[in-house]
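I have placed the structure first, in the form of structure tokens, so that the comments after it can refer back to it.
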């Protein structure tokens, strides 16, 4: 398969996706649109975490912190001035935030940018740590961000949070950014820079002695990952329309982590599928929390029972499918062509019999 | 011309002196061997040269430039490459990728142009690919280019690690026990292979080895280290008959008897 043909197929794929989104945005019910939106946002979050954890091998639990930075930045910049006057009850909002109201796209990008800057600042000291220690340090960072958000009411409105954030996020935005995220990260990991990142994952000392600058590449991966986490956070804020510090507690990072592990460390296709799988299952499992009866016994109402299902799913994946739901499979047109050819040859062989 | 110079370099870990006043002047183009009993500090010498450790005392000069305390990736860029005693390949990447990462350090394209696949990057990536394939062909690993490095047989993994080191285009190649775990026939092949390397790739070679056949057959000059102290230096015949060396390896009685 040559390059021209691949590009054509990609173009057709993008047009099809756009048509689907148009269809969904106009004809699907609100509930379904919301789940799809969450799905796309989780694609952004999970793919960006996978860049850091799956491809660079750096175990970070700070994703919620970067999302919080993105979410607050975006929300504060798109909140209408009149709304700001209304919701800041504890202390009035500081200038110039009090009079700022800018377009959604710029606010989103700024959210990503601030998250990225935070990543550089935190990454330079913290990425010297390895393994679990890095996880703990980044977890601490995310908690610090949350505590700060709780304690500067003149900026974040403290524990009351921000209400009435304009609902700009629709499928075009979320899917659009999901496509950009996947595109950028796919391009990155298949470049020589990506190879250097994977070298770090495989063996730091070896990578270093063949000339890979550890600090630079780790911070780069961390920063790009945080940038997209920030954008994901901004999209999420404008989808939920209400955010407060509790939105960005640890469980949010763990949700993204579940998606990454089920999708497969270092597997983009699997991560995308598992992002949707996660959100759809999460929604359609709601009824089981209302209590149900099996043949011999009845289960009472247990809020949070859905997450138990995920814990079990996670355990099963870790035990039986360490490489994620798709194993070694990674989507590419070439791979699809290979599978098609092998199917064709198999059926033709069958015909001869 | 002296390529690498160590001036009485000392390395201490707390109270333990791993290498004591190690002196070395490596001439361009030679093959120098470093031998000594286990724990003599041989690998520590390599780790100091490649920047994994920074010596406690005194300095290391590469092409008359002080490289003491520089980070390993900088030292690699300056032209020193190495292999490891326990093979450190990037197991889950292909053989080709392993070598291409070695070439990566000479890349000039920015991250931005890599993501957008700008013409400059595409050109560089292409030449990177050709260089890497060529290198693999030259070390007879061309047939395995798309296999995972971790799945190669042991001998080929050793070879690949050397190829990866060569990919960084080094002037000085440090080999840490290249013949470890090889049978006599394999190690004889290795001797020929390393000799070829020196001539084909124009590298100076400094190697640690326990297999005396390899050391004696390959090295033009040998240094012997025992408990961090250099106890002998000379051509292979001198080393073989040096009582100090025999004592270090076999104990006192043998010398007296």
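The values are calculated or read from the model by the stated rules, or taken from the named source; none is laboratory data. All values derive from a computational prediction rather than experimental measurement. Positions of Cβ are backbone-derived with ideal geometry, glycine not excepted, and every protein chain shown enters the neighbour counts.
Below, the figures for the structure above:
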item: Filter pass, residue A:226 being away from every other protein chain (no Cβ under 14 Å), within 30 Å of residue B:97 (Cβ to Cβ) and touching a residue at least 60 places away in the same chain (Cβ under 8 Å); result: yes
item: Test: residue in region A:152-159 that is surrounded by fewer than 18 Cβ atoms within 10 Å (Cβ to Cβ), free of Cβ contacts under 8 Å to residues at least 40 places away in the same chain and facing chain B (nearest Cβ under 9 Å); result: no
item: Qualifying position, being crowded, with 18+ Cβ neighbours inside 10 Å and in a loop (DSSP other than H, G, I, E, B), among B:179, B:163, B:232; result: B:179
item: Region B:133-163, residues that are within 14 Å of chain A (Cβ to nearest Cβ), within 19 Å of the chain's Cα centre (by Cα) and either farther than 20 Å from residue B:181 by Cα or modelled with pLDDT under 90 (or both); result: B:135
item: So residue B:127, is it over 22 Å from the mean Cα position of the chain (by Cα) and either in contact (Cβ under 8 Å) with a residue 40 or more places away in the chain or more than 23 Å from residue B:192 (Cβ to Cβ) (or both); result: yes
item: Residue check, residue B:142 over 30 Å from residue B:44 (Cα atoms) and not assigned by TED's automatic domain parsing to the domain that holds residue B:6; result: yes
item: Scope region B:1-23; condition over 25 Å from residue B:200 (Cα atoms), surrounded by 15 or more Cβ atoms within 10 Å (Cβ to Cβ) and in contact with a strand residue (DSSP E or B) (Cβ under 6 Å, 6 or more places away or on another chain); matching residues; result: B:6, B:9, B:10, B:11, B:18, B:19, B:20, B:21, B:22
item: Residues located in region A:64-122, provided they are touching a residue at least 40 places away in the same chain (Cβ under 8 Å) and not in a helix (DSSP H, G or I); result: A:79, A:80, A:88, A:89, A:90, A:91, A:92, A:93, A:94, A:97
item: Some residue of region A:144-151 being more than 14 Å from chain B (Cβ to nearest Cβ), more than 29 Å from residue A:37 (Cα to Cα), in a helix (DSSP H, G or I) and touching a helix residue (DSSP H, G or I) at 6+ places or on another chain (Cβ under 9 Å); result: yes
item: Where residue A:265 falls short, out of the listed (1) assigned to a helix (DSSP H, G or I); (2) more than 30 Å from residue A:86 (Cα to Cα); (3) touching a residue at least 24 places away in the same chain (Cβ under 8 Å); result: (1)
item: Which numbered condition residue B:129 fails, given (1) more than 13 Å from chain A (Cβ to nearest Cβ); (2) surrounded by fewer than 19 Cβ atoms within 10 Å (Cβ to Cβ); (3) touching a helix residue (DSSP H, G or I) at 6+ places or on another chain (Cβ under 8 Å); (4) part of a helix (DSSP H, G or I); result: (1)
item: Pairs where the first residue, in region B:88-101, is more than 7 Å from chain A (Cβ to nearest Cβ) and the second is in a strand (DSSP E or B), C-beta under 9 Å, 6+ apart; result: B:94/B:148; B:95/B:148
item: Checking residue A:306 against (1) modelled with pLDDT of 85 or more; (2) under 18 Å from residue A:35 (Cα atoms), the condition it does not meet; result: (1)
item: Counted residues, region B:188-218 - those being assigned to a loop (DSSP other than H, G, I, E, B) and under 14 Å from the mean Cα position of the chain (by Cα); result: 2
item: Scope region B:46-77; condition in a helix (DSSP H, G or I) and either surrounded by 18 or more Cβ atoms within 10 Å (Cβ to Cβ) or touching a residue at least 24 places away in the same chain (Cβ under 8 Å) (or both); matching residues; result: B:46, B:47, B:48, B:49, B:72, B:73, B:75, B:76, B:77
item: Meets criteria (under 22 Å from residue B:85 (Cβ atoms) and more than 7 Å from every other protein chain (Cβ to nearest Cβ)) for residue A:199; result: no
item: Test set (1) within 18 Å of residue A:236 (Cβ to Cβ); (2) more than 14 Å from chain B (Cβ to nearest Cβ); (3) loosely packed, with under 15 Cβ neighbours inside 10 Å - residue A:175 fails condition number; result: (3)
item: Unmet requirement for residue A:209, which otherwise passes all of (1) within 14 Å of another protein chain (Cβ to nearest Cβ); (2) farther than 24 Å from residue A:249 by Cα; (3) touching a residue at least 60 places away in the same chain (Cβ under 8 Å); result: (3)
item: Qualifying residue in region B:112-119 (condition: more than 10 Å from chain A (Cβ to nearest Cβ) and touching a residue at least 60 places away in the same chain (Cβ under 8 Å)); result: no
item: Verdict on residue B:107 being free of Cβ contacts under 8 Å to residues at least 24 places away in the same chain, facing another protein chain (nearest Cβ under 10 Å), more than 16 Å from residue B:171 (Cα to Cα) and surrounded by fewer than 18 Cβ atoms within 10 Å (Cβ to Cβ); result: no
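Every residue, every condition in (1) in a helix (DSSP H, G or I); (2) under 10 Å from the mean Cα position of the chain (by Cα); (3) crowded, with 24+ Cβ neighbours inside 10 Å, yes or no:
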{"site": "A:223", "(1), (2), (3)": "yes, no, no"}
{"site": "A:251", "(1), (2), (3)": "yes, no, no"}
{"site": "A:257", "(1), (2), (3)": "yes, yes, no"}
{"site": "A:274", "(1), (2), (3)": "yes, no, yes"}
{"site": "A:277", "(1), (2), (3)": "yes, no, no"}
